[in-house]
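The values are calculated or read from the model by the stated rules, or taken from the named source; none is laboratory data. The shown structure was predicted, so the numbers you read here are calculated from the model rather than taken from an experiment. Positions of Cβ are generated from backbone atoms using ideal geometry, with glycine treated the same way; all protein chains shown enter the neighbour counts. Ligands, DNA and RNA are stripped out before the accessible areas are found, and what is left, the full protein with its side chains, is counted by its heavy atoms. Shrake-Rupley method; radii C 1.70, N 1.55, O 1.52, S 1.80 Å.
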Amino acid sequence: MAAKLYQFHGSPFCAKVRKLLAFKGVEFEVVEVDYLERKELVLASGQMMVPALTLESGETIVDSARIATRLEELFPEPSIFPQGWRGVHIALADYIDNQLEEAVYAVALADELAHYRRQGVDREALWRLIRERKFGAGFVDRTIANTAANWERARIGLAPFDEQLANLPFLTGRIGLADFSLYGQLFYFAFTGEMKIPAEMKNLRAFFDRVDRISSAIEESDG
């Protein structure tokens, strides 16, 4: 029996976990959670957020950082912590998942809105409600209207990573946790099927393709 990953397709944290599982060689099934109907997710994890991972043993873990830690405990090889770099990878992954995510998310918001709009007015309405309860009334439209400023902020945030990858395949030379976090955030630029990582950031584009090629058998489920 394969593990089950409960996800929303566009989530960078779900993209991160998919590649962690593939890297570890863990067979898993993707369960795409309906944005409105989350009963199966709640029954599995006791909460409504993704990613949630149910292992073959029946254990369920939520939150991409906790999932990464648990996978490393259960499947230590190949390791997500290159020798001598564990602390750096933990710190970098935390920065990428939280600080960089804020900058990249603003750019991705229009594509995410379009994704849920295609699924129907009820799903779009819930998606808007959740974000505006968290960030304030008018957040979605206000953010989307600031396209130029959003892209400038994203470019500034991504530039050091593009520079770091100029002569390295991964952030510290060997692949590790921070690389999976960075891949997840870059997935914001690719989840529509169109690559939107800025063309001038050739190192990040090559890095994304490199990590994207890590694969394992995935059986899709309608959830």
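Taking first residues from the range 183-210 that are farther than 23 Å from Ser64 by Cα and partners that are surrounded by fewer than 19 Cβ atoms within 10 Å (Cβ to Cβ) and of a type in the set (Lys, Arg), the Cβ contacts under 7 Å between residues at least 6 apart in sequence or on separate chains come to Pro198/Arg155. When Met1 is tested against the conditions (1) farther than 22 Å from Arg210 by Cβ; (2) outside any helix (DSSP H, G or I); (3) at pLDDT 95 or above, the lone failure is (3). Of all residues in the range 1-30, exactly one satisfies the criterion of being over 9 Å from the mean Cα position of the chain (by Cα) and among the hydroxyl-bearing types (Ser, Thr, Tyr), namely Tyr6.
For the range 24-40, the tally of residues that are open to solvent by 10 Å² or more (accessible area, probe 1.4 Å), in a strand (DSSP E or B) and either hydroxyl-bearing (Ser, Thr, Tyr) or touching a Gly at 6+ places or on another chain (Cβ under 9 Å) (or both) stands at 1.
Evaluation of Lys16 against the conditions (1) more than 23 Å from Tyr188 (Cα to Cα); (2) modelled with pLDDT of 95 or more; (3) not hydrophobic (A, V, I, L, M, F, W, C) shows that the sole unmet condition is (1). Just one of (1) free of Cβ contacts under 8 Å to residues at least 24 places away in the same chain; (2) open to solvent by less than 40 Å² (accessible area, probe 1.4 Å); (3) touching a helix residue (DSSP H, G or I) at 6+ places or on another chain (Cβ under 7 Å) fails for Arg128. It is (2). Residues that are over 24 Å from Phe8 (Cβ atoms) and open to solvent by 70 Å² or more (accessible area, probe 1.4 Å) within the range 79-119 comprise Gln83, Gly84, Trp85, Arg86, Ile90, listed in sequence order. Open to solvent by 30 Å² or more (accessible area, probe 1.4 Å) and in contact with a Leu (Cβ under 8 Å, 6 or more places away or on another chain) - does that describe any residue in the range 186-194? No, there is no match, as no residue in the range 186-194 is open to solvent by 30 Å² or more (accessible area, probe 1.4 Å) and in contact with a Leu (Cβ under 8 Å, 6 or more places away or on another chain).
Let's see how each residue does on (1) among the charged types (D, E, K, R); (2) out of contact with any Lys or Arg (no Cβ under 7 Å at 6 or more places or on another chain); (3) farther than 30 Å from Ala44 by Cα:
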residue: Phe139; (1), (2), (3): no, no, yes
residue: Arg142; (1), (2), (3): yes, yes, yes
residue: Ala149; (1), (2), (3): no, yes, yes
residue: Arg153; (1), (2), (3): yes, yes, yes
residue: Phe189; (1), (2), (3): no, no, no
residue: Glu194; (1), (2), (3): yes, yes, yes
residue: Ala199; (1), (2), (3): no, yes, yes
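Pairs linking a residue in the range 135-162 that is under 12 Å from Ala106 (Cβ atoms) to a residue that is open to solvent by 30 Å² or more (accessible area, probe 1.4 Å), with Cβ atoms under 7 Å and 6 or more positions apart or on different chains, are Phe139/Arg131; Phe139/Glu132; Val140/Arg128; Val140/Arg131; Val140/Glu132; Ile144/Ala110.
Considering the range 43-145, the qualifying helices (runs of 4 or more DSSP H), each wholly inside and each with 2 or more residues that are within 14 Å of the chain's Cα centre (by Cα) and among the hydrophobic types (A, V, I, L, M, F, W, C), run over 64-74, 101-118.
Considering only residues that are open to solvent by less than 70 Å² (accessible area, probe 1.4 Å) and in a loop (DSSP other than H, G, I, E, B), look in the range 195-208 and name the one that is nearest to Leu165 (Cα to Cα). Among them, the one singled out is Met201. Leu21 meets all of the listed conditions (1) under 25 Å from Ala114 (Cβ atoms); (2) crowded, with 21+ Cβ neighbours inside 10 Å; (3) in contact with a strand residue (DSSP E or B) (Cβ under 9 Å, 6 or more places away or on another chain) but one, namely (1).
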